[in-house]
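In what follows, a single structure is set out as structure tokens and then discussed.
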Amino acid sequence: MTDRHVIDSEDEYLDAITKIEAGHGPIAVDAERASGYRYSQRAYLIQVFRRGAGVFLFDPPAIGRFDALNAAIRDEEWIIHAASQDLACLREVGLDPSRIFDTELASRLLGLDRVGLGSVVEELLGIHLAKEHSAADWSTRPLPESWLEYAALDVELLVDVRDKLDALLTESGKQEIAAQEFEATRLRQPKLVRQDPWRRLSGLHGVRGARNLAVARELWTARDTLARERDVAPGRLVPDASLVAVVKTQPRSSAALAAMRDFKGRASRTDLPVWWAALERGLTTDDLPPLRPASSDVLPPARSWSERNPEADARLKAARTALAVVAESLSIPLENVLTPEMLRRLAWTPPVPLDAATVGDALRELGAREWQIEATAQTIALAFVEGNQTASEPQKSES
């Protein structure tokens with residue numbers, strides 16, 4: 001059995017690079033974070049496997065930068081399951097592939113019913129892969145042996161999974177589709193930090209009035225600052241429900257705040273002055289937030305389109321129905337044939353003139369891959385025309 005110890009010294013790190021370079025074939029890479037426990041999304045364990053070399057478990061906080069490893073393996077194919085989740089934390093420490101094979105994405109394109117790594121391994125290799133440690137606090141030190149065994153298996157089986165999936169992609173004629181999707185995932189830019197991130201506060205939809213929103217903003221900001229300073233997940237300090245309860249109750253004193261039964265969390269009492277000061281700022285500030293986000297780039301929820309933009313609603317519904325047929329014919333999930341956000345944006349503001357070529361250009365500008373454009377542009381154009389006709393029919397009947 002491969003040694004499951006964690007590499008946390010410079011000498012061991014450099015020795016591991018030499019062994020990995022001497023291996024052969026693609027390289028399986030995985031990363032474990034501490035989501036739900038830590039504020040940061042940094043990697044707390046990085047696993048690497050290569051045939052002829054074995055499994056290597058690296059401790060990123062101890063090693064720091066991985067530029068030397070990256071230089072050794074960058075031009076090889078990296079196998080990552082759900083690469084969009086791991087690439088950011090890998091790049092943070094200097095690991096940046098030039099090409100990838102995403103086993104989760106390949107599974108989706110092949111129409112597998114379940115695409116989690118455990119399910120894919122079981123379906124393709126007949127091996128049951130326990131996933132009980134997937135949500136563990138990987139910032140724990142020392143890491144338990146059972147966790148290390150779990151982490152090693154995650155990459156040890158990835159190369160075999162990749163080979164099975166690659167054969168199925170070839171058999172189904174989807175290799176080029178997969179190649180375009182893998183590259184798009186690799187090149188995808190991180191999402192911009194949204195304006196007014198405090199509006200993501202769960203339960204905020206039940207808060208009314210600009211003054212109450214100001215209180216919610218100040219409480220969220222205070223918690224976020226504290227969580228960042230301590231590298232603790234915000235919800236572990238004080239959960240969203242507790243902040244919203246304070247907004248709705250608005251206690252008149254620090255003592256009243258401390259007496260609230262709905263104000264819970266491990267920092268709710270130990271950092272009471274922080275929460276009371278935030279509440280006071282929200283109640284006294286002249287900087288009241290708008291009732292709705294100011295960004296014009298945010299589309300209204302689709303459920304409101306029938307009233308706000310009936311023509312767009314008709315286009316969207318017609319296109320969804322038509323694209324469902326395309327997805328079924330390709331045996332690819334609808335959201336992979338075309339992301340719902342792309343379709344909504346196109347339906348809200350369709351190109352003029354409306355035809356397959358202009359729809360294709362608009363899709364390309366939104367980031368669609370060429371295979372997606374080829375598979376959907378004509379269908380969307382025809383569906384939009386049908387939707388426009390449907391939306392205008394009631395007006396004709398009234399005249």
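The values are calculated or read from the model by the stated rules, or taken from the named source; none is laboratory data. Fair warning: this is a prediction, and the values are worked out from it, not measured in the lab. Glycine gets a Cβ as well: all are built from the backbone with ideal geometry, and neighbour counts include every protein chain shown. These area figures cover heavy atoms from the full protein model, side chains too; ligands, DNA and RNA do not enter into them. Shrake-Rupley method; radii C 1.70, N 1.55, O 1.52, S 1.80 Å.
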With the full set of protein chains in place, find how many percent of the accessible area of the stretch 275-399 is carbon and sulfur; take the probe as 1.4 Å. 53
Which values of log₁₀ I(q)/I(0), to two decimal places, follow from the Debye formula for the stretch 273-399 at q = 0.15, 0.17 Å⁻¹ with a uniform point scatterer at every Cα? -0.72, -0.86
From highest to lowest solvent-accessible area (probe 1.4 Å; ligands, DNA and RNA excluded), 205, 5 read 205, 5
Which three lengths, in whole Å and largest first, does the stretch 212-327 cover when its Cα atoms are put on their principal axes? 58, 33, 26
Of every hundred units of 1.4 Å-probe accessible area on the stretch 104-244, the number belonging to carbon and sulfur atoms, as a percent, is 52
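What order do 164, 191, 131 take when sorted by accessible area (1.4 Å probe), most exposed first? The partial results should precede the final answer.
Numbers: 164 100, 191 195, 131 70 Å².
Descending accessible area places them as 191, 164, 131.
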For residue 134, the accessible surface traced by a 1.4 Å probe with all protein chains present amounts, in square angstrom to the nearest 10, to 70
If N is the number of residues in the stretch 275-317, what value comes out of its Cα radius of gyration divided by 2.2 N^0.38 Å? 1.92
Which order do 225, 185, 140 take when ranked by solvent-accessible area (1.4 Å probe, heavy atoms of all protein chains), largest first? 225, 140, 185
Charge tally for neighbours of residue 293 with beta carbon under 9 Å away, counting Lys, Arg as +1 and Asp, Glu as -1, is +2
Taking only the Cα atoms of the stretch 318-387, how large is their convex hull per residue, in Å³? 71
Given the options 327, 210, 347, which has the most mean-square fluctuation in a GNM of the chain, springs set between C-alpha atoms less than 10 angstrom apart? 210
At 1.4 Å probe size, what's the solvent-accessible area of residue 329? Round to the nearest 10 Å². 90
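Semi-axes of the stretch 279-353's equivalent ellipsoid from the Cα gyration tensor, sqrt of 5 times each eigenvalue, largest first, rounded to whole Å? Don't jump to the answer; show the numbers that get you there.
Details: eigenvalues 262, 49, 21 Å².
Rounded to whole Å, the semi-axes are 36, 16, 10.
Can you give the Rg to Rh ratio for the stretch 70-220, taking only C-alpha atoms and Rh from Kirkwood?
Values: Rg = 19.9 Å, Rh = 18.3 Å.
When Rh is taken as the Kirkwood radius, the ratio is 1.08.
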Rg/Rh ratio calculated on Cα atoms of the stretch 80-129 (Kirkwood radius): 1.05
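Considering only the other residues whose Cβ falls under 15 Å of the Cβ of residue 265, what net charge follows from Lys and Arg at +1 and Asp and Glu at -1?
On the way: positive: 223, 230, 236, 261, 264, 266, 269; negative: 224, 240, 262, 271.
Counting the neighbours of residue 265, the net charge comes to +3.
Please count, across the chain, the pairs of lysine residues with Cα atoms under 27 Å apart that sit 8 or more places apart or on different chains.
Values: 19/164; 131/164; 164/174; 248/264; 317/396.
Final tally of qualifying lysine pairs is 5.
Regarding the stretch 1-128, what is the average projected area of its C-alpha convex hull, in nm²? Intermediate results must be reported in sequence, preceding the final value.
Details: hull surface 34.0 nm².
Reported value for the Cα convex hull: 8.5 nm².
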Might you work out the accessible area of residue 325 for me, using a 1.4 Å probe with all protein chains in place, and round it to the nearest 10 Å²? 100
Debye sum, Cα scatterers, the chain, no solvent: what log₁₀ I/I(0) at q = 0.06, 0.10, 0.11 1/Å? -0.34, -0.89, -1.02
For the stretch 122-203, just list the percent of Cα-Cα distances falling in each 10 Å bin from zero outward, please. 13, 24, 29, 26, 8
Long-range amide H contacts for residue 129: which residues qualify at under 5 Å (H placed 1.01 Å from N, peptide plane, sequence gap of 5 or more or a different chain)? 122
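Which helices pass in the chain if a helix is a full DSSP H run, must span at least 27 angstrom along its long axis by Cα, and must have mean Kyte-Doolittle hydropathy not below -1.0?
Details: long enough: 210-230 (30 Å, -0.68); 310-330 (30 Å, 0.28); 370-398 (43 Å, -0.58).
Span-like helices in the chain: 210-230, 310-330, 370-398.
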